[in-house]
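The values are calculated or read from the model by the stated rules, or taken from the named source; none is laboratory data. The structure presented is a predicted model; accordingly, all values stated were derived computationally and were not measured. Because the Cβ atoms are built from the backbone with ideal geometry, glycine has one as well, and the counts that use them run over all protein chains shown. The area values use the complete protein model at the heavy-atom level, side chains included, leaving out ligands, DNA and RNA. Shrake-Rupley method; radii C 1.70, N 1.55, O 1.52, S 1.80 Å.
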Amino acid sequence: MENIEEFTINSEELLIETSLISKADKYGRITYANHTFCDVSGYTIDELIGCDHRVVNSGVHNKQYWQNMYATVIKDRKIWNGTVTNKNKNGELYFVKSWIKGIFDKNNNFIGYISVRQDVTEIIKSKNEIDKKNAYLEHAAKILRHDMHSGINTYIPRGITSLERRLSPDLIQQYKLEFPIKMLREGLSHTQKVYRGVYEFTNLVKQDSELTKCLFNLKDILIDYLKTTAYKDQVLILDLPTIEVNDALFCTAIDNLIRNGLKYNDSDTKCVKIYMENDYLIVEDNGRGMDCSEFDHLSKPYTRKEGQTESGSGLGLNICVEILKIHGFSASCEKLQCGTKLKIKL
């Protein structure tokens, strides 16, 4: 019995310290408010006692919203709960997850309310910020998927083809245009591949979207992806299996690992080797090396190694790992005597 009483006392103390608690008479006039209610609302206890709860009413909720609360509490004699937008003394909005219960006397006459609330302002603000950023992201996705598509996949290719038709071989040779045209073609090809990766990312933004996958030979798609890059000759790709992947996203992920292996590398002959070892796809470099704990740390968003001089956003490895995860793959890391061995379980 003592343990139960002690538990009850401790629970009440915890509730009073962490929750906004108030009582009101049957007319809605406040008869009690704890210090947390006062702190969050900005009103003193003297300012609150005798006032209607309308003192913190933000006007956000309509009459039907509160009529439903009254019906639940008084008529149905149940606990009503909902997330309420209130307004503090300074006119600023705050948000509380609220539970309201009716108080009845021994003759079952309704005599007032007791309310318990949790301040969820920061949670709601964070959600609103995420919703706003998602709206921006969806708008950016629309621009990418529709407006940029025409330029990258229609107008620029047609323009280059039209230019080549109008330039005779003699004119191209005379003005030494072979290399510029080649660069335009290769740059366009690379841009289209990058665009496909971005397109697939924006596809995942849509609700209930699923990753589109087809059977590809991993060696073939990686060679094709890398063929227009400046570092293609530094990458050795051995025989790889044919499996279902989203080729644009998978190549984006592996390319990120390749570029990291070449970027964080002080060797005179920087290189990356891609091969199979049992059921693992291995991306091995001869760079500075990274162990498991560093890999786990750097896989978090916006995380960079302390003292790192190379530029970067701290997102590349995180995005790479997430791409592998949505494929159902997992990634781990092993530090070599010279370099890093990244292991991807297919």
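Here, region 5-96 yields an orientationally averaged convex hull projection of 6.8 nm² when only Cα atoms define the hull.
Accessible surface of the chain, 1.4 Å probe: 53 percent of it comes from carbon and sulfur atoms. How many angstrom lie between the C-alpha centres of region 312-346 and region 222-269? With region 312-346 and region 222-269 each reduced to a Cα centre, they are spaced 13 Å. Backbone geometry of region 253-260 corresponds, through the Karplus equation with coefficients 6.51, -1.76 and 1.60 at θ = phi - 60°, to 3J(HN,Hα) couplings of 5, 5, 4, 4, 5, 4, 5, 5 Hz, x marking Gly and Pro.
Given the pairs LYS26/LYS97; LYS305/LYS345; LYS193/LYS343; LYS193/LYS232; LYS270/LYS341, which span a C-alpha to C-alpha distance of over 18 angstrom in this model? Distance filter (> 18 Å) returns LYS26/LYS97; LYS305/LYS345; LYS193/LYS343. Translational diffusion coefficient, Stokes-Einstein: compute it for region 50-193 using the Kirkwood radius over C-alpha pairs as Rh, at 25 °C and 0.890 mPa s, and state it as an integer in µm² s⁻¹. After rounding, the answer is 114 µm²/s.
Applying Stokes-Einstein at 37 °C and 0.692 mPa s to the Kirkwood radius of region 223-346, computed over alpha-carbon pairs, gives a translational diffusion coefficient of 223 µm² s⁻¹. Cβ-Cβ distance of TYR32 and ASN134, R₀ of 41 Å, FRET efficiency by 1/(1 + (r/R0)^6): the value works out to about 0.50. Summing +1 for each Lys or Arg and -1 for each Asp or Glu, what net charge is found among the other residues whose Cβ lies under 13 Å from the Cβ of VAL84? Overall, the nearby charge balance is +3.
Working note: Cα gyration tensor of the chain, eigenvalues times five, square-rooted, sorted largest first, giving semi-axes of 62, 27, 18 Å. Solvent-accessible surface (1.4 Å probe) assigned to GLU47 amounts to roughly 70 Å². Angle of helix 156-166 to the longest C-alpha principal axis of the chain, folded into 0 to 90 degrees and rounded to 10: 20°. Once both labels are positioned 7 Å from their Cα atoms along Cα-to-Cβ, the gap between ARG54 and ILE223 label points is 7.9 nm.
For region 138-218, taking Cα atoms only, Rg and Dmax work out to 17.2, 56 Å respectively.
Heavy atoms of the protein chains alone define the surface here; on that basis the chain has 62 Å² accessible area per residue at 1.4 Å probe size.
The gain in end-to-end length when the LEU315 to LYS125 segment is fully stretched comes to 66.0 nm, 0.36 nm per residue minus the alpha carbon separation. With helices as the sole contributors, the chain gives -13500 deg cm²/dmol at 222 nm; each DSSP H run of n ≥ 4 counts as -39500 (n - 2.57), and the sum is divided by every residue.
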